[in-house]
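The values are calculated or read from the model by the stated rules, or taken from the named source; none is laboratory data. Source: prediction; values computed, not measured. We place every Cβ from the backbone using ideal geometry, glycine too, and count neighbours over all the protein chains shown. With ligands, DNA and RNA removed, areas are computed over all heavy atoms of the protein, side chains included. Shrake-Rupley method; radii C 1.70, N 1.55, O 1.52, S 1.80 Å.
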Amino acid sequence: MRSNGHRIAYQVAGNGGPPVVLHPGMFEDGGHWAHLGYTGVLAASHTVIAVDPLGLGASDAPHEPEAYTAERRAESVTAVLDDLGLDRAEFWGYSLGAMTGYAVAAYAPERLTRLVAGGFDPDGFRSRVPAVLAALGLPGDHDVYELVKQGALGHPYQVAVIEAGDPAAYRANYDMFSREPGLGPRLAASGVPVLMYAGTADPWHDPMRDHALAHGARFFSVPDADHGEVPRRSRQVLARVLPFLEECRAA
């Protein structure tokens, strides 16, 4: 399947239940959800569509940052839905995947039935970067890309994904998403039911919670977990997300 001239790869699993798109974070492919135990559980009640984002996995890896704008990320998701003949779907994204979900809600809200978003502030990537750098004793102009990459290299599955990919594409991907303006107001106006979550040790926890409280979205905390740890607590997270998705089936 192609979107804006680029191949977008995805895998489908499940028993024909309601479709849910799973979108991973930076330095992750769609298989990351299966690796962490989400896909198997969701496939018992859903048709699971795990996307390899542009620049990762089996998708194309352009070097131009403009290929990775929020609007184009949203278009890649809607193109997957079109390829499958689906008018609408649930969407679950973490980190970069959450930002992509916000983009779909902002640019194509009619394509979403529900949105689950973990570990990303609707006001944009840079909303908490100054505080994080200050806490680490690093200058304000420090290259945050290296911090993000080093965090990913702490996990063997992601090491394999990173080593198999294109460093120039990773950099272009990061350079665009890290400077995208926030989508908070458009997300709030989208009318899409939203469930957000974050670890209490994630710098984005408080901004996400505050957005949810201000705009009527739901939110839950994962205690004593940082940004990288939250996805690894799949049982804990699924216990909170599955009832939210079940509401869609009952509607």
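Kindly indicate whether any position in the range 188-203 is among the hydroxyl-bearing types (Ser, Thr, Tyr), more than 25 Å from Ala89 (Cβ to Cβ) and in a loop (DSSP other than H, G, I, E, B). Looking through the range 188-203, at least one residue is among the hydroxyl-bearing types (Ser, Thr, Tyr), more than 25 Å from Ala89 (Cβ to Cβ) and in a loop (DSSP other than H, G, I, E, B).
Would you be able to say whether some residue in the range 138-157 is of a type in the set (A, V, I, L, M, F, W, C), over 20 Å from the mean Cα position of the chain (by Cα) and at pLDDT 85 or above? No; the residues of the range 138-157 include none that is of a type in the set (A, V, I, L, M, F, W, C), over 20 Å from the mean Cα position of the chain (by Cα) and at pLDDT 85 or above.
Selection of first residues in the range 234-250 that are within 16 Å of Val222 (Cα to Cα) and of second residues that are assigned to a helix (DSSP H, G or I) and at pLDDT 95 or above, restricted to Cβ pairs under 6 Å at least 6 apart or on distinct chains, gives the following pairs, ordered by first then second residue: Ser234/Tyr38; Leu238/Val41.
Rundown of residues vs (1) more than 25 Å from Gly184 (Cα to Cα); (2) under 12 Å from the mean Cα position of the chain (by Cα); (3) outside any loop (DSSP other than H, G, I, E, B), yes/no style:
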| residue | (1), (2), (3) |
| --- | --- |
| Asp29 | yes, yes, no |
| Trp33 | yes, yes, yes |
| Gly40 | yes, no, yes |
| Val51 | no, yes, yes |
| Ala74 | no, yes, yes |
| Val77 | no, yes, yes |
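Of Asp52, Asp82, all but one fail to be at pLDDT 95 or above and in contact with an Asp or Glu (Cβ under 7 Å, 6 or more places away or on another chain); the exception is Asp52.
Residues that are open to solvent by 60 Å² or more (accessible area, probe 1.4 Å) and of a type in the set (Val, Ile, Thr) within the range 193-251 comprise just one, Thr200. The single condition among (1) loosely packed, with under 15 Cβ neighbours inside 10 Å; (2) assigned to a helix (DSSP H, G or I) that Arg179 does not meet is (2).
Entry remark, the range 6-56: residues being out of contact with any strand residue (DSSP E or B) (no Cβ under 6 Å at 6 or more places or on another chain) and among the hydroxyl-bearing types (Ser, Thr, Tyr) number 2 in total. For the range 1-51, a residue qualifies if it is in contact with a Lys or Arg (Cβ under 9 Å, 6 or more places away or on another chain), buried (at least 17 other Cβ atoms within 10 Å of the Cβ) and closer than 19 Å to Ala152 by Cα, and the qualifying residues are His23, Met26, Phe27, Leu36. If only residues of the range 172-208 that are among the polar types (S, T, N, Q) and at pLDDT 95 or above are counted, the one that is farthest from Leu136 (Cα to Cα) is Ser190.
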